[in-house]
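Structure first, then comments.
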Amino acid sequence: MSLLPTLFAAASTSGGGGHAVDPTKPFDALFGHVVPHAVEGLTLFGMQVWNIQIFQVLSILLIFVAFAGVARAVRNGTGGKRAKIAAGFVDYIVEDMIVPNIHERKHARALAPLFLSFFFFILFMNLFGLVPFGATATASVYVPAAMAGLTFLVMLLGGMIVQGPIKFWVNLLPHGLPAWLIPLMFVVELIGLCVKPFALMVRLTANMVGGHLVLLSFMGLMFFFGYGSPMAGWAVAPASIGMAVFIMIIEGFVALLQAYIFTLLSIIFVGASLHPDH
């Protein structure tokens, strides 16, 4: 995430003219980047607009822009480099991620729009955290929780539609259990079913917040040393900024990786609910 401009702006307002730097200012700048907050003076239909809502809408718009006309261009053989790259991503996700884990192509094709939306929505939200003054919506627990909840809903409804409403719950239990153990194992399996979306939510949120915290650790060094002596802060600044830039580069790969992991786990969980025998 591109916090360097924000952090330096915070630092410049916290001290100057040889005065010690207040180390709490960069912390405020960072967590204003992570924690959802209302955008001052911005309302829509009488409701306050929050920063993460803006970047969620921008991510959706970017999806439409990135894939506008791609399918038609590929079918007609007129697609340029953008269409070929976009089509390659889609083909990989459908053929190498969705179909092998959903097991039946008709179900895979029906669910492909959902999982493709997950992947690119998360990817673009993560990437917006890398631009100056952006915000990482996935670092807020509300956004991953909503997508994990949708995955859980598809697991339940899809499983009951494909298997049947009774057989779905029966298949939660291992076959051949003694009768006295069935109530206990049903509770255990039910808890395991509910833990899956919770794990999705925590995994994505923790990984995105973790990147912010690591960056804060390195950027905070120069403000920590500069609190007592501005000269000491400037002395450690090159190493502090260098490590922060390195972490920001790593965060670019993490943005793609976390979109991939969340989408793949969602596909696996839904596939297991649709076809537990595989």
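The values are calculated or read from the model by the stated rules, or taken from the named source; none is laboratory data. Keep in mind the model is a prediction, meaning the values are calculated, not measured. Glycine also receives a Cβ, built like all others from the backbone with ideal geometry; neighbour counts cover every protein chain displayed.
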Next item on the list: Hey, can you tell me all the residues within region 167-192 that are free of Cβ contacts under 8 Å to residues at least 40 places away in the same chain, in a helix (DSSP H, G or I) and within 14 Å of Pro276 (Cβ to Cβ)?
Entry: Lys167, Trp169, Val170, Glu189, Gly192
Checklist line | region 39-57: number of residues that are crowded, with 16+ Cβ neighbours inside 10 Å and part of a helix (DSSP H, G or I) | finding: 6
Check: Which of the residues that make up region 222-236 are more than 21 Å from Gly211 (Cβ to Cβ) and either out of contact with any Asp or Glu (no Cβ under 9 Å at 6 or more places or on another chain) or modelled with pLDDT of 75 or more (or both)?
Finding: Phe225, Gly226, Gly228, Ser229, Pro230, Met231, Ala232, Gly233, Trp234, Ala235, Val236
Notebook entry, point to check: Out of all the residues in region 216-229, is one or more closer than 30 Å to Asp277 by Cα and assigned to a helix (DSSP H, G or I)?
Noted result: no
Margin query: For region 171-193, which positions are surrounded by fewer than 12 Cβ atoms within 10 Å (Cβ to Cβ) and closer than 20 Å to Val270 by Cβ?
Written below: Ile191, Gly192
Next item on the list: Working only within region 214-248, note down all residues that are more than 19 Å from Ala139 (Cα to Cα) and hydroxyl-bearing (Ser, Thr, Tyr).
Entry: Tyr227, Ser229, Ser240
Notebook entry, point to check: Among the residues of region 230-250, is there at least one that is within 16 Å of Leu200 (Cα to Cα) and either part of a helix (DSSP H, G or I) or among the charged types (D, E, K, R) (or both)?
Noted result: no
Notebook entry, point to check: Inside region 79-105, can you point out the residues that are among the small types (Gly, Ala, Ser) and either in contact (Cβ under 8 Å) with a residue 60 or more places away in the chain or in contact with a Phe, Trp or Tyr (Cβ under 6 Å, 6 or more places away or on another chain) (or both)?
Noted result: Ala86
Checklist line | Filter result for Ala38 (within 21 Å of Ala137 (Cβ to Cβ) and modelled with pLDDT under 80) | finding: yes
Margin query: When the residues of region 133-149 are narrowed to those that are buried (at least 18 other Cβ atoms within 10 Å of the Cβ), assigned to a helix (DSSP H, G or I) and of a type outside the set (A, V, I, L, M, F, W, C), which ends up nearest to the chain's Cα centre (by Cα)?
Written below: Thr138
